[in-house]
Each structure stands twice: as C-alpha cells, then as structure tokens.
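**Student:** Questions regarding the structure given below will be posed in turn.
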2 protein chains.
Amino acid sequence: MVNETQHTCSTSSSSRSDGGSSSGSESSKDNSRCSTPVLDADRHERLREKMRRRQDAGDKWFSLEFFPPRTANAAVNLISRFDRMGAGGPLFIDVTWHPAGDPGSDKETSSMIIANTAVNYCGLETILHMTCCNQTKDDITGHLQKAKRLGLKNIMALRGDPAGEEWEEEADGFNYAVDLVKHIRNEFDDYFDICVAGYPKGHPEAESYEADLRHLKEKVFAGADFIITQLFFRPETFLKFMKDCQAIGITCPIIPGIFPIQGYHSLRQLVKLSKLEVPQEIKDVIEPIKDNDAAIRNYGVELAVSMCQELLDSGMVHGLHFYTLNREVATTEVLKRLGIWKEDPRRPLPWAVSAHPKRRVEDVRPIFWASRPKSYIYRTQEWDDFPNGRWGNSSSPAFGELKDYYLFYLKSKSPREELLKMWGEELTGEESVFEVFTCYITGEPNRNGYKVTCMPWNDDPLATETNLLKDQLEKVNRRGILTINSQPNINGKPSTDPIVGWGPSGGYVFQKAYLEFFTSSEIVTALLKVLKKYELRVNYHIVNVKGQNITNAPDLQPNAVTWGIFPGREIIQPTVVDPVSFLYWKDEAFALWIEQWAKLYEEESPSRMIIQYIHDNYYLVNLVDNDFPLENCLWQVVEDTFELLN
Amino acid sequence: MVNETQHTCSTSSSSRSDGGSSSGSESSKDNSRCSTPVLDADRHERLREKMRRRQDAGDKWFSLEFFPPRTANAAVNLISRFDRMGAGGPLFIDVTWHPAGDPGSDKETSSMIIANTAVNYCGLETILHMTCCNQTKDDITGHLQKAKRLGLKNIMALRGDPAGEEWEEEADGFNYAVDLVKHIRNEFDDYFDICVAGYPKGHPEAESYEADLRHLKEKVFAGADFIITQLFFRPETFLKFMKDCQAIGITCPIIPGIFPIQGYHSLRQLVKLSKLEVPQEIKDVIEPIKDNDAAIRNYGVELAVSMCQELLDSGMVHGLHFYTLNREVATTEVLKRLGIWKEDPRRPLPWAVSAHPKRRVEDVRPIFWASRPKSYIYRTQEWDDFPNGRWGNSSSPAFGELKDYYLFYLKSKSPREELLKMWGEELTGEESVFEVFTCYITGEPNRNGYKVTCMPWNDDPLATETNLLKDQLEKVNRRGILTINSQPNINGKPSTDPIVGWGPSGGYVFQKAYLEFFTSSEIVTALLKVLKKYELRVNYHIVNVKGQNITNAPDLQPNAVTWGIFPGREIIQPTVVDPVSFLYWKDEAFALWIEQWAKLYEEESPSRMIIQYIHDNYYLVNLVDNDFPLENCLWQVVEDTFELLN
C-alpha cells in the first residue's frame, strides 16, 4: 500500500494555508513555510504531485518520449529540439535506456547524459528509463546514485529485453520490472518518482491479459507512482485496459502512450519491436500510400488527433504521452490541433530555471550570462547553495572554469562553415568585426549575403526585448562599441507584459538600463572622462583580459538590475550586476573571441591576428543607469564619448 | 605600540574598492565583501574608525556624557532624553560608572543597564565607563563579559576614587587606569575600543603635570584608542595640553571635555569633585548673578560657545565631548549655535536600527512593531541571526514573550493619572473607546479638554507620514475601525523625501498601502464579504485573541510593503507583513488592551469591563493593497463595508 500512502502525503502539503482556513493559536505559528517565493509552484513539486494537481484542476497535459542520439552532432540537435518542444509546455519528457549504447556512462550520447542535460540545462522535468535484466544489483544501484547526483528525480522502471533467446530467471537477480521497483524503494526510499509500463493488449510474453494486469498491479503496489502504456491503435483498447486496471484496484494515474504514425518504415519497425498488430483498417489506408511520406504523416496526424480527442472526451484521460521518435513535426501538429500545446509567454523568472532539485530556491543570477544560461549552469554546477533573495547572501561565488567549450550542450548549433559565412571568411581589420556585430543587430545580410544569426556570446538571434533598443545598438556597433548584452529600463510594467513581464500575474516588473560591450582603449579613455559627469547616476565596470579593473561600484556590492513586486510576496530581484562575478565572466567573454571566432582561421592568418588583437587590447565594459524612472542615459553617455573623440 | 598597529588595521579596511582603483585579475576576485548593503556606513564601523573617518572628512562632531539616574522614573526620562538628544547626531554617548550604585547589576538604574538600553533600544554608539580600584580581577572581568554580551563595544577605563583616605597600592591589584587598559587588552584582545581620561591641568594627585603626561602616554601605549579630557575653563589650557601630548608621542585622538556652566550650585560641586579652580574672570561674572539660574545658564552657554569655537578654529580639534549633567537645554543650545547639532531627516532604514553588533546586518522587520521598536528589539534579543535581505530566509522567528511591560524602556512615558485623563476616567461604552482613538488621530482635545498624545500601541503622537492619512483615519475610527498602524502607498519617491524617504540618496522608495485595526466581529463579517471583490488585490489577516485566523495569504509567505532601490545596490525591503510574526504580534497587541488600559481601572468596574469586552471579542485586522501604483483602495474597502452594514 506504499503507493496509496504516498499520494496522501503528497497532496496534503499543498493545502496548508488556504484562504479562509482557520486554525488554533498554537499550530498557526507554524514556521515550516517556504523560504523562497513560489513563483512557479511546479518548481517545488514532485512529478506525481504535478500530475495530481493538473488532474484536480481539470488541466489536460502531455509528455514527450525521446531516445538517446547516436552521434555527438545528433546530440546537439536533440538538445535544441528539447528547447523548442519544451516551449509547448510538456509536463515531462522521458529518455529511453539503450543497454547497447552504454546508457549509464558519461558519453554525450548516453541516456544518462541526455537526461542530465534535459533536467539541468533545458530545465525540463525528466524521467530516465532504466532496465534491469542482465545487470548486477551494484550496476543498478550505481546508475541510480548517479542519476540522483545529477538531479534526476524520476525513473521509468523496466525489465528490458533479455539478451539471448533462452532467457532464464536468475534466483536473486532482477528478472522483472517489479524487482527494480522494489530495489529503488528499498535503496532510495521515496526519493524517486517511479513510473512503470502498462500493456493495453497485455505484454507479448505474458501468459494472458489477466496475468499481465496482475503483474502491473504488483508493480504499482511495490511502489510505482504512475503507469505509461505501450502504444495502441484504437482508443477503446486503452479505455478497456484502464477500466480493467481500476477493477483490480489500480488507482494511480495511467497515461496512454500515443504513437503518431510518421512513415511506413518506422511504423513497421516499431510494430515488429513491440509485437503489436496493426489493425486492418489502418493497413488498408497506409499500404496504397506507403511511398508518399507526406501523405502517411498527414494520415498519422489525423488518426492521432481523433484518437486523442476520443480519449480526452472520455473524461478518464488527463494526460497524453507521445512517442516522438525524436521528431518534431507530427507530434507538435497533433498537440496544436488538440489545443494542448501551450506556448506560455509567462516566465517564472526572467531567465530559464534549471530543474535540478538543489537549484529549486535559486532566484538571483548575474546578468552577464543572460545569453549563455547553459554555460552559467555548467560553471556553477558544483555549488551546494544557490543565491536566494539576495546575491550578496550567497556563499562565495567560486565559478568553475570554462574549458569544455565543446561539450555538446555548450557548443554552437552552427557548424564551422556556416560560422565562417556569417562572421567572415577573411577579416580585413577591426572594421570587418564591427560589421559582423552590426549585421547581427540589424538582421540584414552581410556583404556576402549571409544573415548573422548568432555570435560567440549569443547562440540565438536578438531577443525581442533587445529589439526595443535595435536602432541605438546599430548606431554604436558601427562605431566600435561592440555590444554583447543590454536591457532597456522599465519602470513598473505589469508582470504579464508579453515582452518584459515575468513572475505571477498581478505584479509589476522593473529594470535598470544595462549595456555591456567590448571596445578599444581609445574609446575607454574618452568614456571615462564622460562618465565623470554621470558619477552618481551610472555605475561602471571596465576590465581588460589581463584583469585591469576600473569601477565606481561601492564596496564590491551587487547592483540589482531586474526586480519584481508581486501580491503577497517578498521582492524578487532575479538579475544583478555583480562586480565579483564580472571578473569570472570576463575570462569567459574574452576567451570566446579566441575559442569561437579566432580558431575558425588558420594560425598566423591575418583574420586570426585581428581577433587576437581585439582579445588582447579591447576592454569589456558594463554600464548601469541607476535612474530607472528617467529616460535611459546610457545612449547619451556613448554619444558624448563619440563627440569627445571627434 | 599596540595602538599604532590598531590604527593601521582599522583604516585599511575601508579603502578596498575605491572608484578608479585597478587590481590584478587574481586579487580582484576577492570575495570578502559585505553580505549586506551598507546603507549606513556607521553601522559597520568601530567607534575609533568612525572618529578617524569623520576627521579625514573634515566633519566636526560631538558626544554626550550622562550619569545613571537614581530612580526608575528618572530612568524612563533619561531614555526619552537619549532619544531626543540622539536626534542631534552625537558620535557617541557615554554613561558614567557609579561604584556606589551597584553599577554592573541588572537594576534599571545601573550604569550597565542604562548603557545597554542606549545601545540596544536607542541605537546609540555608547561608551561604558568602568573604574577598577577596589575591585577584584574577577569582578572586572565579569563586568566586561557582561558588557560584551549586551552588545557594548567601548569602555572608558578609569581608576576611580579610592575608598578611604589612606589609599595604598595593592601589589597585584588594579591601582591605576593603565592596569585596567592592560587587563582589557589581555583578556578581550581587540574587542573593545578603549578610551582613557586626560587631565589638561594634570591629575590632581599626580606628582607633576609632566609626570601625569607620562602616565597618559602609558595608558595609550597599553592599548587605549583615544582620550577624553577632564573639563577646563580656557581653550588655551586644552591646546597647550594637546601640544604637550603630541610632543611626547601621543598621536591618538584627544577630545576636549566641555562643561557648559548651568548653575551656580552644580558648578561649585563639580569643581570640588574635580579639584579644579575656577578662573577669576569667570567667578567675577558669576558671583553677582548666582541666584539667577537663567542668567548663569545664558552666560554658561555664551562661554561654552566661544570656547568651543576657538577650539574648532584651532584646526586641532575635531570633536567636542559634553558633560551634560543629564540636562538637555544648555548643551543642545551650545551645539545648535556651533552648527554641529544636526537633525538629519535621512534615515538609513525606515525604522530605527539597534547598535548591537549582532544586529549589524538586520534590514528586514515585520511592520507590526513599527510604533513599538523597543518591544520588537526586546522580543528578539535572543536571536542569533537577524533577517537580512529577505525575511523568509531568517531562522524561524521564535519571539520571546512580552511579560515585562513595566521594564523602564518599554514603559509608557506618561504616568497613570495622565493616561486616565487622555483615555477617560470612566468609559461608558465602546463608543467612548472609539472617541479616544479618534482624538488621538485628530489631535483635538477630548470631551474633558485633554489631548490624547499616546495610545497603548503607540507612545508618541501620530507620525508625520500617518498625518497624510489623517482625514480618512478619523472617519473610520469614529465608526469603530480602531486603527493602530497604517502607511500610505508610495510609488517611487526620491529616497531623500523628507517624509517617506530613507536610505542613501539617489534612490527611490516604494510602499504598499497598509492598514491595521481592531474591530468588532460584526464589521469583520461585512468586511470579509467586501474583500471577496478585492481578492487578488488585497491581502488580509484577521485574527482574534483566541488565535482564530482568517487569511488569503499564499503559503504563509511574507509580503514586502516597504522597499527601496538605490544606485549600485541590491533591493532593500525593510518592512514586511509576515503571517507568522503577526500571530506573535497579536498576542502583544491584544495584551496591551489589558496591561496598559484596562488595568488603569478598578477590577469589576464598568470601564474595565468595556476594555475586557473589546479584548475578548474584537478582531485584529491587517490589510495590504498590493497595487501600489494605483490609488489606495483600502479606504474604499472600508467604505464598502460600512455601506454593506447600513
């Protein structure tokens, strides 16, 4: 009855202080409240609690299954797919376990590392599959410990396919998924949420459908929290299965596995693997169009939509699990047509949060990594505590060094040839570099006709918010103020503002104007003269690659540059300009010139020397206009600087 | 050379990250910065550092000496004098040590407890005098340990007057102040700042002026940080003394002790005690007017002003120490005429900070104790950590119980008879109570012609800020919404605003509108209906004496109701409405009805029963309007409530 008890526990925690509740004097002085504002209730809940809450609220949801890629390049692509499909609001994703692919290793293509990336770097609630047959207890415990260490919180417990035809049960071994469920509960108590597989037509190897249901019940009673089913082709298959489960006392959530047919070949392969039979009515449609991929996909989408709709309409189904086969189009279309793909423009915080449990309270970050959140997460992965409420309260920020520029989740999405087209096959001087920056800002093609869609400091096109500053940014980049980060000032816009809003509704968000750029020492000299006039209003940090540091910031204190005021909450200040972290960031910012740009060219080539020159001689500058209610003065500062130079 | 070394250390810490400084890459990643925004640099400095900083900045300063009072009532008065004279900005005050008055005890008239009150409850930098002769080493160590525990950081080390005429040195005893200085440094290392006494005319018992200078040098070289002199009558006496000190190598600050003549009798007594001679030119003026107190005081003020001016003009004097004799008028006038009495309307935080070193980082408090800061400090005196940055990060708020309503520093300044005149000799019903509240708000005399200048929840007249709400407050109090705390909403006023500003200049302050009141259950019922319309906008907590608690606050989270944004700093949010603390506050708020008001009347008397009825049946309500940029809706909420009742 482990399962039942767990559900009771998990729901009780969310109803402690509802409006209108009354409690006695003693108990109401309860201090066990959250220490951080819950901007996003999801962040504090376990997967099974989220599921329960969505069901209680009548919200329909979906989840997405992926398998680990075969190559490092495919891994890069899969991670961008996580980011894109994550935008539609899956309740979770899951990553399958491929015993042949060294699934628990540190390879960039392993199940473990892909799931780790999804949780930590893409911020997705993630279930890692794990199979148990043909593995020692120690292996399995080792995998689970590693998963826990990496911040994974959910396991899909499977038997897996026995190796060899003549499989025999081992006396003390892991012969069935239920053994793995029991093992997880024994060794890790209630740490993991556990999912198990259900077979709407019965497991192909089971003695009977009924016997298989009994096995499923065993898995649930051994401690599984919910069930995801094998794919099926008719809604009534699932609905019958669900009723049969309930009839024998399975009360946990059962999530139908949906397989949108995406092609003739993939269907045949999957059917062979899963030992399922394709119904005649589907075969009848598919066979005649088997060479027309588009037609099959269209049919698959239609079929999936109508099946999903029927399931949802039954009132018994609250969530749908999609076997994506690592593809985007068909699943996304089904979800959009069902109306459960929800690109929520609201953000709990201005930056994307990580889903690692130890980062749950994190709500302050330095602004410098705004365009490189994965690198920030990487460099802070060893921290035990994360800043919460105030940056200055954090343990000293010991940033890890960024050496692994080529880790797949930190790597540029574009290959070398594309980068050369964007950033110039051959540079003729600092001006060619100014031009690259300018094209990135304007979105206009460069002189060779290529659009510059990314920069070493920013792997994506300009943010919508930065677009607000586009004209001014263009002007200054043309003249050698090479901007890499900026934000406009905001004086109390609603937290639901589509461009600058974040956090719960009913609040107000604020920003101080920020501008960060590389520039020559000549410009810095003029800038410093100009800044004297703005002494109290503008804070600046100016540093070169050697660490020469010029600042007017008092006492190394951080400056909050984004904050929000919400009903019934303490103030949240999610981004700060932190003088200490800036010196760690400058190492990374300067290194990117070399690692991402200079190294595109031959050693000793003029292009490489130009970048090297900039790296060695330019300064990295950041400016904050503290007077957020007034018009941003930073453009005037730059204007004055250019005037002084003329 | 202990002394020299100390000064070097103390000044170096303040110059770490000046604007324009440059440093190497490694050292500049220094993490040893403040974890809290320094709103008030003073809060983090030792007295000797403050002195040094003021001297470097060319700021003239003053300090005030008091002696412990003889009676508990005099203690109450002295504490209000600390509050009033503290407003003029003394660098420190000092409290003399009266060996006959049990100076180290817990009596409310002891030197120790008066100094404790000045530091902790009045927020004043304080020096405790301590004499050593005729005391055992253990006694002295015990006193010093107690002083340290209470948050005292500065000791004036004195010999004191030997008991009996025939005093003989004790071999291992404390025969001179220098022995005490050495003892403090031996036992407490550098914890205390030590002050010693200087005698511009030489100590009356010294063999010679020169011998006395040598003794002074010994005291300084044993570890004293600065010198305060005995009183003198001619500026040249001090200036010569100072030059002589410097000539023999005394380099620490020497502060002249100023005694404004306040009366014939007190002058004669002091002169007798200090064995000083009054110069003939002064005697000549005083003798003829010896029975005219006002004339003598006027002369004393003139004399002090001209002497102080001459000292300041010499360029050798940066601070002046005043022997106040626990009187206010003469010293205040001298200070005002010198232009060094500076009532600074700026506040580092909206509430008065305590000077205990362990409260140095404290920058968040619940709003409930806004008018009872001393009670808040009392109830949190056992805390080891104080909220900093965010209330929710604080250790669980275990508030001490408030039983000691009659501790002199928590007690009402007004005696029982006066309170009866203000609050009614005889109450005739709840309406008489409404009237008292209304008179307190309006400032109009009550029906017996007395002004109500304090209430059980507020010992002072209405705050300037509350005056902004006066008309509305009057209206609602008349009808039984008995307000005890409120603030208007503020949407970004300059931090230098004379009424609502606080914190360093160049910032902006904000507030959410707040209203707290007692009211009947009938009104509460209507109010709750009305509040449904304002559900997302207004947060409420409604509680009765039994702890029945009705709220719509999410997850027991605190709501920030005052915050400030400053150049180069993190956000400060000094006041919150904290649901958990509110339940501790309500115990105190309800108890004050009985302890301060009901107990003025005979037991079983109708007046007492009326207050008891209110105590037993009314609710304490607090309301926050979260929409600070819009017009405060709380008056509309109350208006709607009254309408519903009609």
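**Student:** Taking the criterion of being within 22 Å of the chain's Cα centre (by Cα), surrounded by 15 or more Cβ atoms within 10 Å (Cβ to Cβ) and at pLDDT 95 or above, would at least one residue in segment A:129-142 satisfy it?
**Tutor:** Within segment A:129-142, the subset within 22 Å of the chain's Cα centre (by Cα) is A:129-130.
If we keep only those that are surrounded by 15 or more Cβ atoms within 10 Å (Cβ to Cβ) too, we end up with A:129-130.
Those still in the list that are at pLDDT 95 or above too: A:129-130.
Scanning segment A:129-142 turns up at least one residue that is within 22 Å of the chain's Cα centre (by Cα), surrounded by 15 or more Cβ atoms within 10 Å (Cβ to Cβ) and at pLDDT 95 or above.
**Student:** Further, regarding this structure: Could you check segment B:531-542 and list, in sequence order, the residues that are buried (at least 22 other Cβ atoms within 10 Å of the Cβ) and of a type in the set (D, E, K, R)?
**Tutor:** Once the filter is applied, which keeps residues that are buried (at least 22 other Cβ atoms within 10 Å of the Cβ) and of a type in the set (D, E, K, R), segment B:531-542 yields nothing.
**Student:** Here is a check on your reading of the model: is B:L320 within 32 Å of the chain's Cα centre (by Cα), under 24 Å from B:G198 (Cβ atoms), assigned by the TED database to the domain that holds B:M85 and crowded, with 20+ Cβ neighbours inside 10 Å?
**Tutor:** Details: within 32 Å of the chain's Cα centre (by Cα): yes; under 24 Å from B:G198 (Cβ atoms): yes; assigned by the TED database to the domain that holds B:M85: yes; crowded, with 20+ Cβ neighbours inside 10 Å: yes.
When the stated conditions are applied, B:L320 passes them.
**Student:** Across segment A:467-491, what is the total count of residues that are under 29 Å from A:V576 (Cβ atoms), in contact (Cβ under 8 Å) with a residue 24 or more places away in the chain and assigned to a helix (DSSP H, G or I)?
**Tutor:** 6
**Student:** Still on this model: Residue check, B:D225 against (1) surrounded by fewer than 22 Cβ atoms within 10 Å (Cβ to Cβ); (2) in contact (Cβ under 8 Å) with a residue 24 or more places away in the chain, all met but one. Which one?
**Tutor:** Going through (1) surrounded by fewer than 22 Cβ atoms within 10 Å (Cβ to Cβ); (2) in contact (Cβ under 8 Å) with a residue 24 or more places away in the chain one by one, B:D225 breaks only (1).
**Student:** Now for a different question. Does at least one position in segment B:489-505 carry a residue that is touching a Leu at 6+ places or on another chain (Cβ under 9 Å), away from chain A (no Cβ under 14 Å) and open to solvent by 40 Å² or more (accessible area, probe 1.4 Å)? Spell out how you get there, then give the answer.
**Tutor:** First pass over segment B:489-505, keeping only residues touching a Leu at 6+ places or on another chain (Cβ under 9 Å): B:489, B:491, B:499-500, B:502-505.
From what's left, away from chain A (no Cβ under 14 Å): B:499-500, B:502.
This time we only want the ones that are open to solvent by 40 Å² or more (accessible area, probe 1.4 Å), so: B:499.
Looking for residues that are touching a Leu at 6+ places or on another chain (Cβ under 9 Å), away from chain A (no Cβ under 14 Å) and open to solvent by 40 Å² or more (accessible area, probe 1.4 Å), one finds at least one in segment B:489-505, hence yes.
**Student:** Can you name the residue in segment A:542-557 that is outside any loop (DSSP other than H, G, I, E, B) and more than 7 Å from every other protein chain (Cβ to nearest Cβ) and is also farthest from B:R569 (Cα to Cα) among such residues?
**Tutor:** Applying the first criterion (outside any loop (DSSP other than H, G, I, E, B)) to segment A:542-557 yields A:542-544, A:549-551, A:554-556.
Narrowing further to those that are more than 7 Å from every other protein chain (Cβ to nearest Cβ): A:542-544.
Details: A:I542: 18, A:V543: 20, A:N544: 24 Å.
Per the stated criteria, the residue is A:N544.
**Student:** Being open to solvent by 30 Å² or more (accessible area, probe 1.4 Å) and modelled with pLDDT under 90 narrows it down to one of B:P288, B:P348, so name that one.
**Tutor:** None of the others qualify; the one that does is B:P348.
**Student:** Is it true that B:D460 is in the same structural domain as B:W585 (by the TED database) and either modelled with pLDDT under 90 or part of a loop (DSSP other than H, G, I, E, B) (or both)?
**Tutor:** When the stated conditions are applied, B:D460 passes them.
**Student:** Test A:D59 against the criterion of being on the phi < 0 side of the Ramachandran plot, in contact (Cβ under 8 Å) with a residue 60 or more places away in the chain, surrounded by fewer than 16 Cβ atoms within 10 Å (Cβ to Cβ) and not aromatic (F, W, Y), and give yes or no.
**Tutor:** Yes.
**Student:** So A:L528 fits all but one of (1) touching a strand residue (DSSP E or B) at 6+ places or on another chain (Cβ under 8 Å); (2) part of a helix (DSSP H, G or I); (3) surrounded by 20 or more Cβ atoms within 10 Å (Cβ to Cβ); what number is the exception?
**Tutor:** The failed condition is (3).
**Student:** Restricting to segment B:543-557, name every residue that is within 32 Å of the chain's Cα centre (by Cα) and open to solvent by less than 20 Å² (accessible area, probe 1.4 Å).
**Tutor:** Within segment B:543-557, B:V543, B:Q557 meet the criteria.
**Student:** Another question, then. Which ones in segment B:473-488 are out of contact with any Leu (no Cβ under 7 Å at 6 or more places or on another chain) and under 30 Å from A:P629 (Cα atoms)?
**Tutor:** Step one: of segment B:473-488, the residues out of contact with any Leu (no Cβ under 7 Å at 6 or more places or on another chain) are B:473-482, B:484-485, B:487.
Scanning segment B:473-488 gives B:N485, B:Q487.
**Student:** Next question. Failed condition for B:S10, given (1) in contact with a helix residue (DSSP H, G or I) (Cβ under 7 Å, 6 or more places away or on another chain); (2) modelled with pLDDT under 85; (3) open to solvent by 20 Å² or more (accessible area, probe 1.4 Å); (4) within 24 Å of B:A197 (Cα to Cα), with all others met?
**Tutor:** (3)
**Student:** Within the group B:E570, B:E516, which residue is open to solvent by less than 10 Å² (accessible area, probe 1.4 Å), away from every other protein chain (no Cβ under 13 Å), touching a residue at least 24 places away in the same chain (Cβ under 8 Å) and in contact with a strand residue (DSSP E or B) (Cβ under 7 Å, 6 or more places away or on another chain)?
**Tutor:** Only one candidate qualifies: B:E516.
**Student:** Identify, please: which residue in segment B:379-398 is more than 9 Å from chain A (Cβ to nearest Cβ) and open to solvent by less than 30 Å² (accessible area, probe 1.4 Å) and is, among those, nearest to A:R569 (Cα to Cα)?
**Tutor:** The residue in question is B:P387.
**Student:** Does B:L600 meet the test of being open to solvent by less than 10 Å² (accessible area, probe 1.4 Å) and over 25 Å from A:T562 (Cα atoms)? Lay out the reasoning, then the answer.
**Tutor:** On the way: open to solvent by less than 10 Å² (accessible area, probe 1.4 Å): no; over 25 Å from A:T562 (Cα atoms): yes.
Spelling it out, it is not the case that B:L600 is open to solvent by less than 10 Å² (accessible area, probe 1.4 Å) and over 25 Å from A:T562 (Cα atoms).
**Student:** May I ask you to list the residues in segment A:616-646 that are open to solvent by 30 Å² or more (accessible area, probe 1.4 Å) and either assigned to a helix (DSSP H, G or I) or away from chain B (no Cβ under 14 Å) (or both)?
**Tutor:** Hits for segment A:616-646 are A:D616, A:N617, A:E631, A:W635, A:Q636, A:E639, A:E643, A:L644, A:L645, A:N646.
**Student:** Any idea which of B:A589, B:A598, B:A560 is at pLDDT 95 or above, over 21 Å from B:V524 (Cβ atoms) and either under 29 Å from the mean Cα position of the chain (by Cα) or within 8 Å of chain A (Cβ to nearest Cβ) (or both)?
**Tutor:** B:A560
**Student:** Hey, among A:E49, A:E108, A:E45, A:E65, which residue is within 26 Å of A:Q145 (Cβ to Cβ) and open to solvent by 50 Å² or more (accessible area, probe 1.4 Å)?
**Tutor:** On the way: A:E49 fails: open to solvent by 50 Å² or more (accessible area, probe 1.4 Å); A:E45 fails: open to solvent by 50 Å² or more (accessible area, probe 1.4 Å); A:E65 fails: open to solvent by 50 Å² or more (accessible area, probe 1.4 Å).
The unique qualifying residue is A:E108.
**Student:** Yes or no: B:S581 under 22 Å from B:L482 (Cβ atoms), within 14 Å of another protein chain (Cβ to nearest Cβ) and either open to solvent by 10 Å² or more (accessible area, probe 1.4 Å) or part of a helix (DSSP H, G or I) (or both)?
**Tutor:** yes
The values are calculated or read from the model by the stated rules, or taken from the named source; none is laboratory data. Worth saying up front: this structure is predicted, and the values here are computed from it rather than measured. Methodologically, a virtual Cβ is constructed for each residue, glycine included, from the backbone with ideal geometry; neighbour enumeration extends over all protein chains shown. Ligands, DNA and RNA are excluded from the accessible area calculation, which covers all protein heavy atoms including side chains. Shrake-Rupley method; radii C 1.70, N 1.55, O 1.52, S 1.80 Å.
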